[in-house]
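Inspection log for the structure reproduced underneath, given as structure tokens.
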Amino acid sequence: MSDSSATTGADSSYIVKAAPTKNFFVSMLVRDIELLDAVIDLLDNSVDGARRTRSNGDYSGLEVRITFNGDFFKIEDNCGGMPIDVARHYAFRFGRDESRPLDLNSIGQFGVGMKRTLFKLGRHFIVESKTVEDSFKLEVDVEEWQRHPEWDFQLAAVAENESRAESETGTTIIVDRLNATSQTDLREPSWRKRLSSESRLKHRRALDRGMRIYINDEPLQPMPLDLIEDEHVRPYRHEQEFQAGNSDTPSTVKLTLLAGVSIPDSSAAGWYVFCNDRLVLGPDKTSTTVWIGAGRQARGGIPAYHDQYARFRGYAFFEAENPAALPWTTTKTGVDTDSPVWRSARQSMILATRPVIDFLNVLDKEKTAVRGDARTGHPGMLESEEDEFRAALAETRLQESRRVSIDRVVGSAKFTSPKIDLSALPQPKVWIRYSRDADEVNRVRRLLGGRNERDLPNGELGSRTFDYYLSNEDEEA
């Protein structure tokens, strides 16, 4: 029989506290992301503003400036600004409010990016934003905020019912009292170079559409991503759709695959994965995408990456109105390998890769026939033979082919490539090396009309003895 003095669940004196502390939340929030990726999260927000402001995809006149040193960090843009309502109810919440409609086709989705970056950078930040209709300023002393039980921030300098031109809109974020690790990174020239390189690659499509991005006043140029496409080479193109989410909130994810060849560059070879135009993975040469390894090809995989595949390029573009349906991680630095969308798409990527790899394997054999292979002692073609066959070589056609930006690739349902007829090439030559006693060698040399090695070098002597055997074989036949 139960104790009559037992309390009910309604007795507040027996409630177990489960709410997180601010210190724990802030420290855990920043632990799983590098500062470089955190800063690119802020750049994502600016690009999202451009996507909302310019739905036609023309970002001409829009720009983002990132400025920093060991004392402060600043990012400012003219990409539409943040409405007061969004700032008050959504942008500064820790986690995305499920009751709020998603920003269609956006990059941000989890509701942690901006806060995580601000806490990662330093202990004091200011956010100012202007839209065509309103403006606000928010200033937060993180240490002071952590001392109080309330989780809310206080907006200042709020102005509503304004009217300004689109060119006067935008958001500025300044962080100072930097954390020690942030000070170290932001002072390091190599870190700035990495930020520039990653930014121009991850937001290559925004740059291509006219957006200007500056890092410490240096403008970024879009990373060239292309495929060879002409009358000899046609990249593979494939489109399909997936249904994600559940029956209550179904979401459509569109996938476009491009696979083919470009210039031989092992650093650029592999698969590139984009989600809503944001690069989240690549160039990937691991089993995360298709490079499973030779021992597992029976299961439909592709050999592990090797430099003979340095011409391979694959591009996977995932698009969804609901960004939560896309197969990316919260840090946007990889794919969610457990996502059903990713698992299905990966099989399509394997199918797209196979014919390109088959061609590159044969191309490597052609290359070996022409240039030789030092590992096996195969010397390759003579110079006169190479000149004779050069025009007909697939490698020659690739070198002369046109490279096309991925935004303008037409593609085909089947990858096509220059034909390679290995049987039409001169038979490969191999070295024959052996040693015999010097007196025996000199005896054969005299039999062949030579008095010393100057008259008949060892290499020629060996070749003539080989020819002698073949001529006798022909006579016996």
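The values are calculated or read from the model by the stated rules, or taken from the named source; none is laboratory data. What you are looking at is a predicted structure, and each value in this text was computed from that prediction instead of being measured. Cβ sites come from the backbone with ideal geometry, for glycine too, and all protein chains shown count toward neighbours.
Criterion applied to Met28, Met82 was being without any contact (Cβ under 8 Å) to a residue 24 or more places away in the chain and of a type in the set (A, V, I, L, M, F, W, C), and the one residue passing it is Met28. Among the residues of the stretch 53-97, those identified as farther than 14 Å from Leu207 by Cα and within 24 Å of the chain's Cα centre (by Cα) are Ile66, Ile75. Scanning the stretch 117-150 for residues that are under 30 Å from Ser163 (Cα atoms) and among the aromatic types (Phe, Trp, Tyr) turns up Phe125, Phe136. Out of everything in the stretch 208-223 that is modelled with pLDDT of 95 or more and outside any loop (DSSP other than H, G, I, E, B), what residue ends up being nearest to Phe72 (Cα to Cα)? Result: Ile215. The condition of being modelled with pLDDT of 75 or more, touching a strand residue (DSSP E or B) at 6+ places or on another chain (Cβ under 9 Å) and farther than 26 Å from Phe119 by Cα holds for only one of Tyr14, Tyr59, that being Tyr59.
Output yes when any residue across the stretch 20-28 is under 18 Å from Lys332 (Cα atoms), over 22 Å from the mean Cα position of the chain (by Cα) and at pLDDT below 80, and no when none is.
Of the stretch 20-28, the ones under 18 Å from Lys332 (Cα atoms) are 28.
Cutting the leftovers down to over 22 Å from the mean Cα position of the chain (by Cα) gives us 28.
Narrowing the set further to residues that are at pLDDT below 80 leaves 28.
Yes, there is a match, as at least one residue in the stretch 20-28 is under 18 Å from Lys332 (Cα atoms), over 22 Å from the mean Cα position of the chain (by Cα) and at pLDDT below 80.
So is Arg200 surrounded by 14 or more Cβ atoms within 10 Å (Cβ to Cβ), within 21 Å of Lys332 (Cα to Cα) and in the same structural domain as Ile84 (by TED's automatic domain parsing) or not? Judged against the criteria, Arg200 is a match. Scanning the stretch 321-353 for residues that are in contact with a Leu (Cβ under 9 Å, 6 or more places away or on another chain), β-branched (Val, Ile, Thr) and either assigned to a helix (DSSP H, G or I) or crowded, with 20+ Cβ neighbours inside 10 Å (or both) yields Val335, Val341. No other residue among Phe312, Phe317 is crowded, with 22+ Cβ neighbours inside 10 Å, under 15 Å from the mean Cα position of the chain (by Cα) and not assigned by TED's automatic domain parsing to the domain that holds Leu43 apart from Phe312.
Only one of the numbered conditions (1) in contact with a Cys (Cβ under 9 Å, 6 or more places away or on another chain); (2) modelled with pLDDT of 80 or more is not met by Val86, and that is (1).
Would you check which residues across the stretch 128-172 are among the aromatic types (Phe, Trp, Tyr) and either loosely packed, with under 12 Cβ neighbours inside 10 Å or assigned to a helix (DSSP H, G or I) (or both) and list them? Selection gives Trp145 alone. Residue check: Lys193 meets all listed conditions (1) in contact (Cβ under 8 Å) with a residue 24 or more places away in the chain; (2) closer than 30 Å to Ser267 by Cβ; (3) surrounded by fewer than 21 Cβ atoms within 10 Å (Cβ to Cβ) but one, namely (1).
Residues checked against (1) within 20 Å of Leu35 (Cα to Cα); (2) out of contact with any Leu (no Cβ under 6 Å at 6 or more places or on another chain):
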{"site": "Leu138", "(1), (2)": "no, no"}
{"site": "Ser163", "(1), (2)": "no, yes"}
{"site": "Glu168", "(1), (2)": "no, yes"}
{"site": "Ile173", "(1), (2)": "yes, yes"}
{"site": "Asn179", "(1), (2)": "yes, yes"}
{"site": "Ser182", "(1), (2)": "yes, no"}
{"site": "Glu188", "(1), (2)": "yes, yes"}
{"site": "Gln221", "(1), (2)": "no, yes"}
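Could you tell me whether any residue of the stretch 410-417 is in contact with a strand residue (DSSP E or B) (Cβ under 8 Å, 6 or more places away or on another chain) and modelled with pLDDT under 90? Checked the stretch 410-417: no residue is in contact with a strand residue (DSSP E or B) (Cβ under 8 Å, 6 or more places away or on another chain) and modelled with pLDDT under 90. The numbered conditions (1) outside any loop (DSSP other than H, G, I, E, B); (2) touching a residue at least 12 places away in the same chain (Cβ under 8 Å); (3) basic (Lys, Arg) are all true for Lys419 except (1). Against the criterion of being charged (D, E, K, R) and either closer than 19 Å to Val280 by Cα or not assigned by TED's automatic domain parsing to the domain that holds Arg54 (or both), Arg187 does not qualify. The number of residues in the stretch 198-227 being over 17 Å from Ala316 (Cα atoms) and in contact (Cβ under 8 Å) with a residue 24 or more places away in the chain comes to 13.
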